[in-house]
Each structure stands twice: as structure tokens, then as C-alpha cells.
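Trainee: Could you have a look at this structure, given as C-alpha cells, before my questions?
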Amino acid sequence: STSGPAYSGVSQTVPRNLPVRTFAAVKALKKDKKQGAEKEVKKEKRVIDDKNRHKPFGKTAWAPVDDVYVMRFYPRTLYDAADAIDMLKKFQALDFTPLNQPVYIDLKLDMKLEKKKKVDPFVSTVHLPHPFKTEMNRVLVFTEDANQARVAQENGAVFAGGVELIQPILDDEISADFYVAVPGILPKLLPLKNKLRKKFPKSNRGSVGINVPKMLELFKSGHEYLVESDCYVRTQILDMPGEHIFANLQTVLADVCSHRPASMGPFIERAIIASHTSEAILFKSEDVVPKPPEKEE
């Protein structure tokens, strides 16, 4: 420009003086393997033994003195199975509720095994000595033998046949409560695995075998129960007199304990019996389950 001074050969930009870092970065210290191993060790759960204590841990006393008391201050009473059933019947009479209402049990199982292993949740069908269902279950039999299909029809199967039944089942044209099969046809039924899911025939459930009449006798009038939420069994047992309830209770508990490995301890941690309108009653399951015979030395 004509008004301003002219500079030639000199840069117009002035270099900036940036701060220079004169110290070294601190290196991250590596954790020793021994220290990491010590931190990973979890503390074992503290188990409190109340047997020799003058009162249970966290409670006021073992038993209340008065007739009216706050329940959370005292441990719940554990009754014998027969006494618990009698109490249910008395509650129904006092509450003016039907005497033939359903009775349910709620079991909590100890599914832990050695070395952090667990018992797999299972589904089982048991033949109750006093069944309470009025209608028979619908059972379908998979077999390619014409004689076995005829025997199945004679023993009460709603459907009996081979691979020709696969497509009608996928199309929801036919259905049943239980599906049983002979071992030879099982590989051909794989297309039904996603459709039937838990109802798919399995040997550990007793729905795969050679004796078709025996399987039909079990599943036509059998009572099915399953393990829910990893360790709970909630099922109906009966709605009849007390002695019939005790017989059915003993049958269900014996079948539940049969899924526990023989080398392990007690399988049932907590057992509750209740009806629709009554309160839940804790009962002793070890008195109901038949004890294994002692080995002679």
C-alpha cells in the first residue's frame, strides 16, 4: 500500500514460543499376579448356627409369649406334614371357603454340586396315587411300526403314526398334551424340536421307549411338574381329604428327590404347603421323603 511502510524479505508472522515438556511421563505400574489373585478370592458366605443360642440371630426370641405378635420378630414355625395338612383344613372351615379347593406346594431345591456345578432344571411326570384331574391327557405316539400304532390306538392314544404327522403338527392341525416316541424314529423328528420345545420326546423324561402301553398309562393320567427359576417347584397336588393329600405329597417329594445325585446331601431346602385362601405353612420335608436303606458294613 502507498500509505504504510513496505517490508521486503521479512516474514510477517512471528513464531510462537510453545512450552517445552521437560519431564518424563509416569509409567503405569503393573499389578503383580499375586496381588490380583488375592483380590479375586471371594469371601465365603457366613453361616450362622442358631442351635446353641438363647435366641435366633436378628430375632426377638424363639417363640412369642402372647397370642398377638409381630411375625417378623420371630422365626416361622416348622410343622410336621400331617399337622400342616390338618391346619389347612381347619383354615378352610374357619374362613368359610370350599373344602375341595386346590392345595399347592412350593419347594426350594439345593441344585449345587461339587466344583461349582449345578443340577440341570428338569421336567418330570409322576403317576399320583389319587389323581385329581377329571379329563385324561391327550397323548400322541410316534412310531413307524403298524402293530405298535394299532396297540397305541387301543390303549388310548389320540394319534399314532410316523413322519406323516410332522407337517400337520407344524401347521397346527393336530396337537396333544404329551408326545411319546419309539427310539428308532427319534432322528426323523428333529424338524419338530423348535415347535414342541419342552414337549419334544426325551429319554430322561420317560417319553422315549419301547413299551408303548406303559408310556401311555403314565402320560394319560400323569401329573407334570417342572423346576422354575433354577431351583423352585410350584405345583398342585390335590383338592381332596387329608390322607389323600399326604399320599400325593409323598409321591411328588420322592420323585423330586430322585433327580438328586445319590452322593449329595438333602435336596429340598424349604417346603411350603398352601391353598388358594389360606396362609403358607412351612413343613418338614425330611419326614415325608422315604429314607434310603442304610448300608450294612
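Trainee: So which residues in region 197-227 are free of Cβ contacts under 8 Å to residues at least 12 places away in the same chain and more than 17 Å from residue 141 (Cβ to Cβ)?
Mentor: Answer for region 197-227, where residues must be free of Cβ contacts under 8 Å to residues at least 12 places away in the same chain and more than 17 Å from residue 141 (Cβ to Cβ): just 197.
Trainee: Scan region 170-181 and report the pairs whose first residue is over 14 Å from residue 138 (Cβ atoms) and whose second residue is of a type in the set (Lys, Arg) and open to solvent by 70 Å² or more (accessible area, probe 1.4 Å), with Cβ atoms within less than 7 Å and a gap of 6+ or a chain change.
Mentor: Filtered contacts from region 170-181: 170/195.
Trainee: State all residues of region 63-82 that are open to solvent by less than 90 Å² (accessible area, probe 1.4 Å) and free of Cβ contacts under 8 Å to residues at least 40 places away in the same chain; if no residue qualifies, say none.
Mentor: The answer is 63, 64, 70, 73, 74, 75.
Trainee: Within region 72-105, track down each residue that is assigned to a strand (DSSP E or B) and either in contact with a Phe, Trp or Tyr (Cβ under 7 Å, 6 or more places away or on another chain) or modelled with pLDDT under 85 (or both).
Mentor: If we filter region 72-105 for residues that are assigned to a strand (DSSP E or B), which is where we start, we get 79, 103-105.
Listed by number, the list holds a single entry, 79.
Trainee: Would you confirm whether or not region 206-228 contains a residue that is open to solvent by 70 Å² or more (accessible area, probe 1.4 Å), part of a loop (DSSP other than H, G, I, E, B) and either assigned by the TED database to the domain that holds residue 153 or modelled with pLDDT of 85 or more (or both)?
Mentor: Yes - at least one qualifying residue is present in region 206-228.
Trainee: Tell me the residue from 188, 117, 112, 108 that is at pLDDT 90 or above, open to solvent by 20 Å² or more (accessible area, probe 1.4 Å) and in the same structural domain as residue 250 (by the TED database), please.
Mentor: Working: 188 fails: in the same structural domain as residue 250 (by the TED database); 117 fails: at pLDDT 90 or above; 112 fails: at pLDDT 90 or above.
Being at pLDDT 90 or above, open to solvent by 20 Å² or more (accessible area, probe 1.4 Å) and in the same structural domain as residue 250 (by the TED database) holds for just one of 188, 117, 112, 108, which is 108.
Trainee: How many residues are among the small types (Gly, Ala, Ser) and either touching a residue at least 60 places away in the same chain (Cβ under 8 Å) or in contact with a Ser or Thr (Cβ under 6 Å, 6 or more places away or on another chain) (or both) when one looks only at region 244-280? Outline the logic, then answer.
Mentor: To start, the set of residues in region 244-280 that are among the small types (Gly, Ala, Ser) comprises 247, 254, 258, 262-263, 265, 271, 274-275, 278, 280.
Narrowing the set further to residues that are either touching a residue at least 60 places away in the same chain (Cβ under 8 Å) or in contact with a Ser or Thr (Cβ under 6 Å, 6 or more places away or on another chain) (or both) leaves 247, 265, 271, 274-275, 278, 280.
Summing the residues that are among the small types (Gly, Ala, Ser) and either touching a residue at least 60 places away in the same chain (Cβ under 8 Å) or in contact with a Ser or Thr (Cβ under 6 Å, 6 or more places away or on another chain) (or both) in region 244-280 gives 7.
Trainee: Check residue 93 against each of (1) open to solvent by less than 80 Å² (accessible area, probe 1.4 Å); (2) under 27 Å from the mean Cα position of the chain (by Cα); (3) among the aliphatic types (A, V, I, L, M) and name the one condition it does not meet.
Mentor: Unmet condition: (2).
Trainee: Could you check, for region 241-260, whether at least one of its residues is farther than 19 Å from residue 133 by Cα and either of a type in the set (S, T, N, Q) or outside the structural domain of residue 108 (by the TED database) (or both)?
Mentor: yes
Trainee: Here's a follow-up. Within the bounds of region 120-143, is there any residue that is buried (at least 19 other Cβ atoms within 10 Å of the Cβ), more than 29 Å from residue 258 (Cβ to Cβ) and not acidic (Asp, Glu)?
Mentor: No.
Trainee: With region 113-183 as the region, which strands (runs of 3 or more DSSP E) entirely inside it contain at least 1 residues that are within 30 Å of residue 265 (Cα to Cα)? Full working, then the answer.
Mentor: On the way: elements: 123-126, 139-142, 159-161, 178-181.
Result: 123-126.
The values are calculated or read from the model by the stated rules, or taken from the named source; none is laboratory data. A quick note: this is a predicted structure, and the numbers were derived from the prediction, not measured. Neighbour counts run over all protein chains shown; Cβ positions are idealised from the backbone, glycine included. Protein only, heavy atoms only, side chains kept; ligands, DNA and RNA dropped before computing areas. Shrake-Rupley method; radii C 1.70, N 1.55, O 1.52, S 1.80 Å.
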